[in-house]
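Since the structure comes first, as structure tokens, the remarks are kept for the end.
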Amino acid sequence: MNKNTFLFLALASIFSTYSQTPGISIFYEQTPGDNRGYIEYIPGNLPIIISAPHGGVKLSGNTIGEVNYPDNDTSLPDRNCGTNERDDNTDILIREIQAEIFNLTGCYAHIIINNLHRSKLDPNREIVEATCGDNDAEDHWNAFHNFIDQASNSVETNWGKGLFIDLHGQSHSIARIELGYNISSTQLNNSNLNDTSIINNSTINNLVANNLGGLTHEQLIRGSESLGSKLKATTATFYNNNINPGCGVTNGYRTIPSNFDSGASNSCDDTRPFNFAYFAGDYYNNLRHGSGPAASDGTGGSGNIDGIMSEVNRRVRDLGTYNGNVYDTRPQTLVPFAKDYAAVILDYIDIHYNNFADFSFGLSSYDVNDSDPTATISGIAGGTFSSTNGLVIDSNSGVIDLSASNVGDYTITYSVGNCSYYQTTQNISITDATLKVNESIIKTFNIYPNPTSSMLYFEASSSINKIQIYNTLGQQLGNYSFNTSKGEIDTSRLPDGMYLLKVIEKNNNVLITKQLLKINK
Ligand SMILES: [Zn+2]
């Protein structure tokens with residue numbers, strides 16, 4: 001978006017974001033107390049925004065899923081321009097995708113839904129065609145885009161970058177998902193997508209410049225790490241057992257563009273559309289809210305939030321019986337698809353965007369007598385540090401208090417965002433040079449039986465002060481004090497596996513280590 005738009009939205013959002021709670025619907029109120037629920041925003045806390053402009057059922061005058069939606073609001077007459085065809089069930093699909101993202105992450109994608117039937121409002125067109133000049137419809141159109149702008153502002157502020165998906169449905173003869181990047185069929189058919197003019201027009205223009213793997217535009221559109229190829233690479237067993245996608249395909253969702261090409265015919269080559277029907281993502285929403293050129297009315301474009309128009313085929317939107325209501329008589333593909341789609345979107349963000357919680361300590365090992373080290377944050381500042389038990393770290397600054405920490409191996413975690421899904425870890429060892437490993441001082445230290453299933457006995461040639469048990473992750477699971485050369489430890493509560501014993505001899509401050517195998521007899 002351009003600077004003026006951004007400034008306006010930044011100001012607007014100050015007034016309207018205070019009551020936003022992730023996962024809780026907000027509805028546009030044309031006048032205070034308006035409870036018609038036409039334009040809906042469910043705020044999120046992930047760098048993902050999804051909108052569904054054409055799934056609305058309200059004022060359709062139709063019965064859908066056994067519920068009638070009367071056409072009873074005289075303030076919104078039927079549009080007498082443009083197209084009225086609804087993208088069936090995308091209003092439900094978008095909610096199921098958000099629910100599955102929450103299920104997988106504990107966090108929410110931002111979703112914006114036009115609950116009005118397309119015969120009343122088409123938010124994916126410039127305002128004139130969207131409303132056919134109706135003043136009330138214009139208010140709802142503005143509300144829809146203001147909600148997306150609020151979501152974009154939140155993502156820019158909290159994450160610095162993100163992905164916008166405009167979710168649609170089509171019924172083209174080849175059952176595949178069509179992803180649109182404002183690249184035409186002709187360009188996909190003929191051109192090298194790395195041409196500067198094509199990149200400048202792409203709604204993932206920001207991603208080309210900033211993707212973590214340094215991939216080219218061509219690779220991002222139809223290489224193995226593209227969204228299309230990721231949708232094709234997912235298993236999708238239920239879908240393929242119930243739908244025949246053709247071309248010998250038995251798994252994944254055929255998607256254009258992707259890297260799938262069966263070689264059988266042009267209709268089995270999903271790398272380019274040839275002359276088959278294909279939505280290129282050159283409509284209003286994707287342009288206004290993606291990172292390419294501005295929309296036709298001059299608003300939006302640029303910025304750090306990429307746009308992908310996602311036109312999913314009819315056969316991933318079958319509901320059968322849903323929430324007790326009969327929508328159609330087909331096997332329900334929509335919910336399994338929503339689950340797969342959610343997982344693929346998260347994977348796509350991980351691959352191309354997620355350096356959100358990157359941090360590093362300069363070394364992987366410190367002595368308790370070193371000066372306290374600080375983490376260098378290369379991801380987003382303001383997150384929270386934590387550690388496995390025994391290492392003392394400042395949760396805000398990431399400074400390790402070495403002298404207050406125990407000798408051992410630790411995992412330090414840095415998490416960002418208010419729901420802590422994005423986090424990274426680093427393993428750090430803390431040593432004490434004054435504890436010299438010198439097995440010769442303890443002439444013998446034996447443990448038996450090894451492997452053990454419960455009691456572990458030890459015998460040493462001198463008195464033992466401490467035995468600590470660590471797992472292979474470096475987590476301390478036991479810390480036993482003794483004043484004897486002979487003793488026992490009950491290991492029956494330990495899960496089966498390999499452990500490390502650290503043994504500290506009493507008088508000579510000696511540290512030795514032994515491997516222990518715990519088995520369940
Ligand atoms: Zn549509």
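Please tell me which of these pairs span more than 25 angstrom C-alpha to C-alpha: Lys58/Lys232; Lys120/Lys232; Lys120/Lys339; Lys161/Lys230?
Long pairs (Cα-Cα over 25 Å): Lys58/Lys232; Lys120/Lys232; Lys120/Lys339.
Sketch the reach of a paramagnetic label on Met498 as a point 7 Å from Cα along Cα-to-Cβ, and name the residues of the range 455-481 whose backbone nitrogen lies under 14 Å away.
Flagged as within label range: 470-474.
Hey, got the dipole for the range 445-518? About the Cα centre, +1 on K and R Cβ, -1 on D and E Cβ, debye to the nearest 20? Before the final figure, lay out each step's value.
Values: 7 positive and 5 negative charges, 27 e Å.
That gives the range 445-518 a dipole magnitude of about 120 debye.
Treating only the Cβ atoms of Lys and Arg (+1) and Asp and Glu (-1) as charged, compute the dipole magnitude of the chain about its Cα centre; round to the nearest 20 debye. Write out the running numbers ahead of the final one.
Working: 32 positive and 53 negative charges, 348 e Å.
In total the dipole reaches around 1680 debye.
Within a 10 angstrom radius of the beta carbon, how do Lys232, Lys486, Lys161 rank from fewest other beta carbons to most?
By the 10 Å Cβ count, ascending: Lys486, Lys161, Lys232.
How much of the DSSP bridge set in the chain is antiparallel, in percent, rounded to the nearest 5?
Bridges in the chain that DSSP calls antiparallel: roughly 75 percent.
For the chain, find the longest principal axis of its Cα atoms and tell me its angle to the long axis of helix 3-16, 0 to 90°, nearest 10.
Here the helix axis deviates by roughly 80 degrees.
Have a look at Ile447, Pro495, Leu477 and report the one farthest towards the positive end of the charge dipole of the range 445-518, computed about the Cα centre with Cβ charges (Lys/Arg +1, Asp/Glu -1).
Positive-most Cα among the choices belongs to Leu477.
Simple spin-label model, 7 Å along Cα-to-Cβ: Val399 to Asp78 in nm?
Simple spin-label model gives 7.1 nm for this pair.
Counting other beta carbons within 10 Å of each Cβ, put His110, His172 in order, fewest first.
Going from least to most buried by this count: His172, His110.
For the chain, take the longest principal axis of its alpha carbons; what is the angle in degrees between that and the long axis of helix 334-352, to the nearest 10 within 0 to 90?
The two axes meet at around 60 degrees.
Give me the percent relative contact order of the chain, please, defined on Cα pairs under 8 angstrom at least 6 residues apart.
12
Would you list which aspartates and glutamates come within 16 Å of Lys466, measuring only between C-alpha atoms, while excluding same-chain residues fewer than 8 positions from it?
Once the sequence-local aspartates and glutamates are set aside, what remains near Lys466 is Asp432, Glu439, Glu488, Asp490, Glu505.
Quick one: what do you get for the chain if you divide its Cα Rg by 2.2 N^0.38 Å?
Details: Rg = 29.3 Å, N = 521, 2.2 N^0.38 = 23.7 Å.
The chain yields a ratio of 1.24.
Identify the residues of the range 328-367 with backbone N under 12 Å of a label point that sits 7 angstrom from the Cα of Phe238 along the Cα-to-Cβ direction, or state none.
Flagged as within label range: 331-341.
Can you give the angle from 0 to 90° between the axis of helix 90-105 and the longest principal axis of the chain, with both taken from C-alpha atoms, to the nearest 10?
10
Could you check what % of the DSSP bridge pairs in the range 359-431 are antiparallel, to the nearest 5?
Expressed as a percentage, antiparallel bridges in the range 359-431 total about 85.
Would you tally the net charge around Val155, using a Cβ to Cβ cut-off of less than 13 Å, leaving Val155 out, and scoring K and R as +1, D and E as -1?
With Lys, Arg at +1 and Asp, Glu at -1, the net is -2.
What is the distance in Å between the Cα centres of the range 58-78 and the range 254-310?
Their Cα centres are 32 Å away from one another.
Suppose only helical runs count, i.e. DSSP H with n ≥ 4. What mean residue ellipticity at 222 nm does that imply for the chain under -39500 (n - 2.57) per run, divided by all residues and rounded to the nearest 500 deg cm²/dmol?
So the calculated ellipticity at 222 nm is -7000 deg cm²/dmol.
Determine the relative contact order of the range 445-518: mean sequence separation of Cα pairs under 8 Å and six or more apart, normalised by residue count, in whole percent.
Over the range 445-518, the number comes to 34 percent.
Any read-out appearing in this document is the output of simple, stated calculations on the displayed coordinates, not a laboratory observation. Note that the structure is predicted; figures quoted are calculated from it, not measured. No Cβ is skipped: glycine too gets one built from the backbone with ideal geometry, and neighbour counts run over all protein chains shown.
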